[in-house]
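What follows is one structure encoded as structure tokens, with my remarks underneath.
The values are calculated or read from the model by the stated rules, or taken from the named source; none is laboratory data. Every value quoted in this text rests on a predicted model; they were computed, and no experiment measured them. All Cβ positions, even for glycine, are placed from backbone atoms using ideal geometry, and neighbour counts span all protein chains on display. Heavy atoms of the whole protein, side chains included, go into the accessibility calculation; ligands, DNA and RNA do not. Shrake-Rupley method; radii C 1.70, N 1.55, O 1.52, S 1.80 Å.
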Protein chains: 2
Amino acid sequence: MATKVLANWAISLTASKLPSPVKDAAVRSLYNWIGCAIGGSQHPTVTKLYDALSPFQGLATASLLGHGGERRTDPQLACLVNGVASHVHDYDDTHLATIIHPTGPVASALLAYAEHKGGVSGKDLLCALVAGIEASCKLGLAVWPAHYDIGWHITSTTGCIGAAVAVGKLMNLDEGKMAHAIGLASTQNVGLREMFGSDTKSFHPGRAAQSGLLAALCAEKGFTSSPQALEAKRGWANVVAGGGTPKLDKYLRELGTVWEIERNAFKPFPCGIVCHPAIDACIQLHEEMQSNGLIPRDIESVTAKVHPLVIELTSKRTPRDGLEGKFSVFHGCSVGLLYGKAGPSQYSDDVVRDPAVVSIRDKVQANADAQLKADETSVEIVFGNSLRLQKHVDHAVGSLEVPMTNDQLEAKFLDQCKIVLGDEVKEASDSAWAIGEADDVGSIIRAF
Amino acid sequence: MATKVLANWAISLTASKLPSPVKDAAVRSLYNWIGCAIGGSQHPTVTKLYDALSPFQGLATASLLGHGGERRTDPQLACLVNGVASHVHDYDDTHLATIIHPTGPVASALLAYAEHKGGVSGKDLLCALVAGIEASCKLGLAVWPAHYDIGWHITSTTGCIGAAVAVGKLMNLDEGKMAHAIGLASTQNVGLREMFGSDTKSFHPGRAAQSGLLAALCAEKGFTSSPQALEAKRGWANVVAGGGTPKLDKYLRELGTVWEIERNAFKPFPCGIVCHPAIDACIQLHEEMQSNGLIPRDIESVTAKVHPLVIELTSKRTPRDGLEGKFSVFHGCSVGLLYGKAGPSQYSDDVVRDPAVVSIRDKVQANADAQLKADETSVEIVFGNSLRLQKHVDHAVGSLEVPMTNDQLEAKFLDQCKIVLGDEVKEASDSAWAIGEADDVGSIIRAF
């Protein structure tokens, strides 16, 4: 029944049914995602992809974000490219219970389709976004953690289905067609974790968006899949369960009562979330050093006690470029201590190779401590004169306990988008906050 | 090393290195596939897909087979549509050791790309086809049978990688880029068996072709994936192994010495391969009846001893349409006895519902006999006058032991394509046989 339950819930959801905190969470998720898509729009990964595929593009009815309406393409390519751009800095949102980055696949597909279709209101866009994100996250919960452990990039494997649900909602698909859209999405499982650290990592949410859009487009024309696609013996959940026991019923039963979008968090730093506590601690230590007249050059050693996942996922000892820097807790700590910041600028190739950064990076030790929570850390610095500074972080900034405020989200938006948009960045930020109130979102999307 | 081994073998393969039986097998595989792609080109599944996606198509540089050059589109859409068309009648080839239908994903991608690129010789096309098919089948062997058992449609999960290898070869990618193409393909796992019986089944090889083409296009522009994509702990083989132990090294070591394309078989009948022996026996009995002046109307009973899988997979007692007829050994026996043929025409809705066919169908009994081999059967007919005819088939036509002859392949081609191409069918058949000798395959492809 899972496929039918999800399809039925999704088609029944209306904007007026959304509780106010859910609406707020949707606005924040979309706002943050737009900033990330613009911020990543000039990245070489995006450029290579666009160069490879633009020779085959169709009628330009959808915009590539970050080009102020000057670069438009067909919706299939637009959602692929925007999806890649939004994830390429690893700076997008995280549903912490599953480490899904839920907005990428869903919003990429939605914006491209909404602009193409025309006449889509901000209210309907947000409602479809919520439907897609809830779908992705509930399915993620149902197969977590074995699905991720075996090696699936859970963002794209679930995001494809979320994207199909979201676009299907804008199309007003009936329950049967929505079920076929879910099925056609569920058969397209893109995303191996082995690709982390390469261009292909951010390809995953983009391709999930594109595959989900395709699923909805085909279902709209009567293309059939399986009405038991999710729950069948050889359906999605069992095939990708990675040896775990899927819990579809348990989580889909909570659709509309427990809202996953409220548990969506936003990254203050453009790198793997697991090393955020250590970076947070180092930024706080930077400030303490400044107050005490201490300088980074005098640091002899830095020791971070971290959750074991930090070691498993981000222990690149000698990252060679910005991309590898994202998988190096050592680099993150180094720039935190040196600059008191860890924004996109601190993850450029130049900064990763900067001798001053490398010098501190080499002094950082990270030790796994299974007693720590995932967002907890203790960092100690020892200086040449034997002076010690210590910082314990109980919950990193950007966690559910210490969420980023709207002001912090806006500072993040402005910081990553000003490089791309220049003086128009504030206007883009204002539009992004207000997109949910638009009568037709198309002109706003074109302006990004 | 598996990714590197495959990449290196593929880039090193040259047309002149291909043993003569391998070349012959390639010609036969491609010929048979072209017939299936033309034969399926007007199917409703194909039409729905084209209607859904053609609004987004790009510059028309590749042809949809079966339209005599009158319907062209961009190569990405062309390979998707041709791939679906070639599998939609379940009439394409089968690598019996893995039940992969290997030519679909590889040839769909290759033909679309070759026509788009221009100046591709038939020799290079065949060499790339062999590279792609060997890649698909070796990878399939490495994860067989657990991968299939858990629920993956092995044709598309391996075919995507084969398509990337094949297109990458036409691009003359170097080893590094070929490895990245393999990786970007391996992260796109399309195909759940749960979709069998719906439009989505034939979507799988089409999407595999499209995803493989995309992987090669991106790799050509320097897009990176993982150089250990296939063999890493969380790489392709381990993630999709379905609980089995992948044997990449064992099978990739045999690249270029054991040629899988020589073990590729062709279906004489457009239905599940398990009921082919019984149909074969009935066609032979039809001929025997004719020689003896016996007529089908006088048949009192037909009893077939068959392998148990025949009962498990094809025992639809009263099929309602052509699609259900494919899963009815009773229908297959009936048309074999009545017409001495079981081609696509004998699987039309009309024939399945024809009272004369139904009347004989109702007299057919099929009894499982676990002593029989999968391609063995015994069929006995009893006539009103108590006369009996009996036929034992040791290996069905289309098996490796009794392969279809080139004449039989041609009859199959003509039979399924004449409905689409009319008078031009013989010319198309001659071109398809000769495509390997062309200086530029583009004009031939356009003519199909």
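Out of all the residues in region B:187-202, which are more than 7 Å from chain A (Cβ to nearest Cβ), buried (at least 24 other Cβ atoms within 10 Å of the Cβ) and not charged (D, E, K, R)?
Within region B:187-202, B:SER202 is the sole residue that qualifies.
Check region A:214-222 and report whether any residue there is charged (D, E, K, R), open to solvent by 10 Å² or more (accessible area, probe 1.4 Å) and over 21 Å from the mean Cα position of the chain (by Cα). Walk me through how you get there before you give the answer.
Filtering region A:214-222 for residues charged (D, E, K, R) gives A:220-221.
Within this subset, residues satisfying the condition of being open to solvent by 10 Å² or more (accessible area, probe 1.4 Å) are A:220-221.
Checking which are over 21 Å from the mean Cα position of the chain (by Cα) leaves us with A:220-221.
Checked against the condition, which is being charged (D, E, K, R), open to solvent by 10 Å² or more (accessible area, probe 1.4 Å) and over 21 Å from the mean Cα position of the chain (by Cα), region A:214-222 yields at least one hit.
Could you tell me how many of the residues in region B:312-356 are assigned to a loop (DSSP other than H, G, I, E, B) and open to solvent by 30 Å² or more (accessible area, probe 1.4 Å)?
Of all residues in region B:312-356, those assigned to a loop (DSSP other than H, G, I, E, B) come to B:314, B:316-321, B:326-327, B:340-343, B:348, B:354.
Checking the rest, the ones that are also open to solvent by 30 Å² or more (accessible area, probe 1.4 Å) come to B:316-318, B:320-321, B:327, B:341, B:348, B:354.
Residues in region B:312-356 being assigned to a loop (DSSP other than H, G, I, E, B) and open to solvent by 30 Å² or more (accessible area, probe 1.4 Å): 9 in total.
Does region A:370-383 hold any residues that are assigned to a loop (DSSP other than H, G, I, E, B) and either touching a helix residue (DSSP H, G or I) at 6+ places or on another chain (Cβ under 6 Å) or surrounded by 15 or more Cβ atoms within 10 Å (Cβ to Cβ) (or both), and which are they?
Passing the criteria: A:ALA370, A:LEU372, A:ALA374, A:ASP375, A:GLU376.
Each row is one residue, and each column tells you yes or no for (1) more than 9 Å from every other protein chain (Cβ to nearest Cβ); (2) crowded, with 20+ Cβ neighbours inside 10 Å; (3) farther than 30 Å from A:PHE223 by Cβ; (4) among the acidic types (Asp, Glu).
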{"residue": "B:GLU231", "(1), (2), (3), (4)": "yes, yes, yes, yes"}
{"residue": "B:TYR251", "(1), (2), (3), (4)": "yes, yes, yes, no"}
{"residue": "B:GLY272", "(1), (2), (3), (4)": "yes, no, no, no"}
{"residue": "B:ALA281", "(1), (2), (3), (4)": "yes, yes, yes, no"}
{"residue": "B:ILE299", "(1), (2), (3), (4)": "yes, yes, yes, no"}
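Among the helices (runs of 4 or more DSSP H) contained in region A:387-448, which hold 2 or more residues that are open to solvent by less than 80 Å² (accessible area, probe 1.4 Å) and among the acidic types (Asp, Glu)?
The qualifying helices (runs of 4 or more DSSP H) are A:406-421.
Determine which single condition A:LYS23 fails, assuming it passes every other condition in (1) closer than 30 Å to A:ASP249 by Cβ; (2) of a type in the set (D, E, K, R); (3) within 14 Å of another protein chain (Cβ to nearest Cβ).
(3)
Looking only at region A:52-69, which residues are surrounded by fewer than 16 Cβ atoms within 10 Å (Cβ to Cβ) and over 15 Å from A:ALA112 (Cα atoms)?
Hits for region A:52-69 are A:SER54, A:PRO55.
Considering only region A:26-45, state which residues are away from every other protein chain (no Cβ under 14 Å), part of a helix (DSSP H, G or I) and open to solvent by less than 10 Å² (accessible area, probe 1.4 Å).
A:ALA26, A:SER29, A:LEU30, A:TYR31, A:ASN32, A:TRP33, A:ILE34, A:GLY35, A:CYS36, A:ALA37, A:ILE38, listed by residue number.
Could you please find all residues in region A:208-222 being under 30 Å from B:LYS233 (Cα atoms) and either facing chain B (nearest Cβ under 7 Å) or among the polar types (S, T, N, Q) (or both)? Steps first, please.
Step one: of region A:208-222, the residues under 30 Å from B:LYS233 (Cα atoms) are A:208-212.
A:GLN210, A:SER211, listed by residue number.
So A:TRP33 clears everything in (1) under 15 Å from the mean Cα position of the chain (by Cα); (2) modelled with pLDDT under 95 except one condition, right? Which one?
With (1) under 15 Å from the mean Cα position of the chain (by Cα); (2) modelled with pLDDT under 95 applied to A:TRP33, the lone miss is (2).
When you scan region B:298-310, do you find a residue that is in a helix (DSSP H, G or I) and under 26 Å from B:LYS138 (Cα atoms), even just one?
Within region B:298-310, one or more residues are in a helix (DSSP H, G or I) and under 26 Å from B:LYS138 (Cα atoms).
Can you find a residue in region B:103-118 that is open to solvent by 10 Å² or more (accessible area, probe 1.4 Å) and more than 14 Å from chain A (Cβ to nearest Cβ)?
No: zero hits.
Find the residue count for region A:325-355, including only residues that are aliphatic (A, V, I, L, M) and touching a residue at least 60 places away in the same chain (Cβ under 8 Å).
Selection size over region A:325-355: 1.
Has region A:8-20 got any residue that is touching a Lys or Arg at 6+ places or on another chain (Cβ under 9 Å), of a type in the set (S, T, N, Q), within 30 Å of A:GLN408 (Cα to Cα) and open to solvent by 40 Å² or more (accessible area, probe 1.4 Å)?
Yes, region A:8-20 contains a residue that is touching a Lys or Arg at 6+ places or on another chain (Cβ under 9 Å), of a type in the set (S, T, N, Q), within 30 Å of A:GLN408 (Cα to Cα) and open to solvent by 40 Å² or more (accessible area, probe 1.4 Å).
Can A:ILE133 be described as closer than 17 Å to A:HIS87 by Cα, in contact with a Pro (Cβ under 7 Å, 6 or more places away or on another chain) and modelled with pLDDT of 95 or more?
So A:ILE133 fits the description; yes.
Can you tell me which residue in region A:262-299 is nearest to A:ASN385 (Cα to Cα), limited to those that are touching a Lys or Arg at 6+ places or on another chain (Cβ under 9 Å) and among the β-branched types (Val, Ile, Thr)?
A:ILE299
Under 7 Å between Cβ atoms, which residue pairs at least 6 apart in sequence (or on different chains) link something in region B:54-76 that is within 21 Å of A:LEU213 (Cβ to Cβ) and within 7 Å of another protein chain (Cβ to nearest Cβ) with a partner that is aromatic (Phe, Trp, Tyr) and open to solvent by less than 50 Å² (accessible area, probe 1.4 Å)?
Partner pairs satisfying both residue conditions: B:GLY58/A:PHE56; B:ASP74/A:PHE56; B:PRO75/A:PHE56; B:PRO75/B:TYR113; B:GLN76/A:PHE56.
Do you know which residues across region A:119-153 are surrounded by fewer than 23 Cβ atoms within 10 Å (Cβ to Cβ) and basic (Lys, Arg)?
Passing the criteria: only A:LYS123.
Against the condition in the same structural domain as A:TRP144 (by TED's automatic domain parsing), touching a Pro at 6+ places or on another chain (Cβ under 6 Å) and either in a helix (DSSP H, G or I) or of a type in the set (Ser, Thr, Tyr) (or both), how does A:ALA237 come out, does it pass?
In short, yes.
Taking into account only those residues within region A:169-186 that are more than 9 Å from chain B (Cβ to nearest Cβ) and not aliphatic (A, V, I, L, M), which is most open to solvent (accessible area, probe 1.4 Å)?
Top of the filtered list is A:ASN172.
Checking the condition of a type in the set (Gly, Ala, Ser) and more than 21 Å from A:ASN264 (Cβ to Cβ), which residue from A:SER86, A:SER54, A:SER29 passes?
Going through A:SER86, A:SER54, A:SER29 in turn, the sole match is A:SER54.
Can you pull out the residues in region B:233-243 that are within 7 Å of another protein chain (Cβ to nearest Cβ) and touching a strand residue (DSSP E or B) at 6+ places or on another chain (Cβ under 9 Å)?
B:ARG234, B:GLY235, B:TRP236, B:VAL239 - these are the residues of region B:233-243 that are within 7 Å of another protein chain (Cβ to nearest Cβ) and touching a strand residue (DSSP E or B) at 6+ places or on another chain (Cβ under 9 Å).
What is the number of the single condition among (1) in contact with a helix residue (DSSP H, G or I) (Cβ under 8 Å, 6 or more places away or on another chain); (2) within 13 Å of chain B (Cβ to nearest Cβ) that A:ALA166 does not meet?
With (1) in contact with a helix residue (DSSP H, G or I) (Cβ under 8 Å, 6 or more places away or on another chain); (2) within 13 Å of chain B (Cβ to nearest Cβ) applied to A:ALA166, the lone miss is (2).
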